[in-house]
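Read the structure below first, then the notes.
Quick note: the coordinates plus some simple rules give every number you see, no bench work behind them. Just so it is clear, the model here is predicted, and its values are computed rather than measured.
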Amino acid sequence: MLRLSNANLSSVKIILSAYNFYPVHKGGTEVYTKALAVYLQGINLEVLVIVALDESNTIHGKVITDNDEIKAAYYLYENIAVLGVQLKGKPQMIFMQAPVKYGPKILNKF
C-alpha cells in the first residue's frame, strides 16, 4: 500500500475517470467515483474527475475548448472538479485517445 506523508500531499493531484457523472447521471459508477473523490479531498488531495461529455451535462459547465475534434467543459459538482470531454464523432474513443492526444493541452488549464 502506498503511504504518503502529510508533507507530500500538498503536491499530489489525482485524476479519476468515469464514463458519466453527476448531476445528470446517478448510477453505481457515479456513486463510487463521487465517494472516492470526497474521500481523497478529505485527505487533502486535489481531485479532478474526467468524464465523457454529452449535451445534458454541457449546460452545467463552462466550455473551455470547442473545435473540430474535441469539446471540453468544466464544472463543479458539490465541490468536486469535473471535466467533461467529447471527441466529436467518436464518443466511444474518449478514454482511448483523449488522455494521450489531448490530455496535456486540456489539463494544463488547471
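Annotations
- 5 angstrom amide H check on ILE70, placed H, neighbours 5+ away: LYS88
- Under 16 Å of direct C-alpha separation, and excluding same-chain neighbours fewer than eight residues apart, LYS88 reaches these aspartates and glutamates: ASP54, GLU55, ASP66, ASP68, GLU69.
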